[in-house]
Each structure stands twice: as structure tokens, then as C-alpha cells.
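The values are calculated or read from the model by the stated rules, or taken from the named source; none is laboratory data. Owing to the predicted nature of the structure, the values given are computational and were not obtained by experimental measurement. Note that we place each Cβ from the backbone using ideal geometry, even for glycine, and neighbour counts take in every protein chain shown.
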Amino acid sequence: MELTEKTLSSNTVFDGRILHITVDDIELPDGKKSKREVVNHPGGVVIAALDSENNLLFVRQFRYPYREVVLELPAGKLEKGSTPLENGKRELLEETGAVGYSYISLGQVYPSPGYTNEIIHMYACKIQNIGDSRPDEGEFVNLEKIPLKKAVEMVLNNQIPDAKTQIAVLKTAMLLESGKI
């Protein structure tokens with residue numbers, strides 16, 4: 001069965017600093033017409049950074065859409081002109097002051113494919129050293145080190161609701177256990 005939908009027209013309804021929203025007229029595989037609301041996003045990156053004792057670096061920051069402080073691995077949106085890995089290294093340094101090495105890809109995640117084209121690139125690394133963090137203007141974060149084993153338990157006990165963080169923590173734990181990190 002054919003599953004692909006065809007875009008017939010696209011109308012931009014919002015063009016912001018990060019998000020660009022369109023309402024598209026589409027043709028379904030059966031020939032019927034419909035609409036799709038799409039949040040276009042430049043993509044993001046998340047880094048699972050392990051120290052020599054297998055602690056992960058986390059940041060706590062207030063996330064306005066949820067009106068709460070959220071525990072996350074260091075992450076950020078992709079900037080034009082840089083690779084996802086370059087963006088990840090920049091975010092790790094800005095949010096934690098850490099410099100990593102031996103980066104490996106943990107793949108990509110589509111956080112909500114029903115309405116956004118955002119792709120989050122995930123990496124794990126070892127920490128070379130930690131200096132002072134350099135958050136962006138208007139960015140306020142608290143750094144925490146959490147043992148990887150405890151972080152896995154926190155994911156399984158629903159203490160870390162952030163999807164990208166859950167996936168990166170679990171993949172890092174599995175790869176470390178199998179000797180690939």
C-alpha cells in the first residue's frame with residue numbers, strides 16, 4: 001500500500017526566531033485532500049557526557065512551556081553553518097564548561113513526528129576536563145553530576161520526563177555495558 005502524501009500547497013502562518021509554522025494542503029494516498037499543520041524546526045542535539053567514574057553531566061533549567069524546572073542532558077538547537085557534532089560540543093561547553101573526547105553517535109530521534117520535522121542528534125562522549133560554564137544570555141542552568149546507573153533508574157521511575165534525555169541515557173548505558181563506549 002502506498003503511504004506517501006503529496007504537498008499541493010504550503011502557507012506560512014508564523015515565521016519566528018526558532019519555529020516556522022505552515023499549513024499545507026495535501027493529497028492522501030487514496031486521492032482525498034486534507035491539511036497538515038507543520039512546525040518546522042532547525043533540529044537539535046543532546047550530549048551524554050561521562051566522567052571517569054561514569055557520572056553523567058546534567059543541567060536543570062526552567063522550561064517555560066511546562067512551567068517547571070526540567071532535568072536534562074546538555075542540549076540545544078542546531079545553528080546554521082555547523083554540523084550537529086560541532087553544535088553538541090558547543091552546547092556541552094556552554095552549559096557545563098566541559099570539553100569531551102571520543103564522541104560517538106547515538107543516532108537521531110524524531111521527538112513528535114505528527115506535527116514537527118525536528119530531528120535531535122544524540123552523542124555520547126568521555127569528559128576530558130571541566131571548566132566554567134558559559135551559558136547564552138538569558139539562559140540559566142544548574143549543573144549536576146549523576147551516576148549513570150542512578151540516571152537509568154531515574155528514567156525507569158519517571159523522574160526524568162525529557163524524551164531526548166531518556167533515550168540518550170538508556171542508549172549510553174547499553175553501549176557502556178557492551179563495551180562500545
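So which pairs qualify, if the first residue must be in the stretch 53-65 and under 15 Å from E153 (Cα atoms) and in contact (Cβ under 8 Å) with a residue 60 or more places away in the chain, the second must be of a type in the set (G, A, S) and surrounded by 22 or more Cβ atoms within 10 Å (Cβ to Cβ), the Cβ gap must be under 7 Å, and the two must be at least 6 apart or on different chains?
Here the result reads L56/A48; L56/A49; L56/A151, each pair linking the stretch 53-65 to a residue that is of a type in the set (G, A, S) and surrounded by 22 or more Cβ atoms within 10 Å (Cβ to Cβ).
Kindly establish whether K80 is charged (D, E, K, R) and either assigned to a strand (DSSP E or B) or within 14 Å of T165 (Cβ to Cβ) (or both). Working first, answer last.
Details: charged (D, E, K, R): yes; either assigned to a strand (DSSP E or B) or within 14 Å of T165 (Cβ to Cβ) (or both): no.
No.
Quick check on the stretch 6-41: of everything there that is out of contact with any Asp or Glu (no Cβ under 8 Å at 6 or more places or on another chain), in a loop (DSSP other than H, G, I, E, B) and not small (G, A, S), which residue is surrounded by the fewest Cβ atoms within 10 Å (Cβ to Cβ)?
Once the filter is applied, the top-ranked residue is R17.
So which of S105, S112 is small (G, A, S), surrounded by fewer than 15 Cβ atoms within 10 Å (Cβ to Cβ) and within 20 Å of I160 (Cβ to Cβ)? Lay out the reasoning, then the answer.
Working: S105 fails: within 20 Å of I160 (Cβ to Cβ).
Being small (G, A, S), surrounded by fewer than 15 Cβ atoms within 10 Å (Cβ to Cβ) and within 20 Å of I160 (Cβ to Cβ) holds for just one of S105, S112, which is S112.
Out of (1) in contact (Cβ under 8 Å) with a residue 24 or more places away in the chain; (2) more than 19 Å from the chain's Cα centre (by Cα), the odd one out for D162 is which?
(2)
Consider R17 carefully, then state whether it is at pLDDT below 95 and within 25 Å of T165 (Cβ to Cβ). I'd like the intermediate steps shown before the answer.
Working: at pLDDT below 95: yes; within 25 Å of T165 (Cβ to Cβ): yes.
Against the criterion (at pLDDT below 95 and within 25 Å of T165 (Cβ to Cβ)), R17 qualifies.
Any residue at all in the stretch 141-148 that's within 27 Å of N40 (Cβ to Cβ) and touching a strand residue (DSSP E or B) at 6+ places or on another chain (Cβ under 9 Å)? If you could, list the steps in order and put the result at the bottom.
First, pick out the residues of the stretch 141-148 that are within 27 Å of N40 (Cβ to Cβ): 141.
From what is left, the residues that are touching a strand residue (DSSP E or B) at 6+ places or on another chain (Cβ under 9 Å) are 141.
Yes: the stretch 141-148 contains one or more residues that are within 27 Å of N40 (Cβ to Cβ) and touching a strand residue (DSSP E or B) at 6+ places or on another chain (Cβ under 9 Å).
So N158 fits all but one of (1) of a type outside the set (D, E, K, R); (2) surrounded by 13 or more Cβ atoms within 10 Å (Cβ to Cβ); (3) out of contact with any Leu (no Cβ under 7 Å at 6 or more places or on another chain); what number is the exception?
For N158, the failing item is (2).
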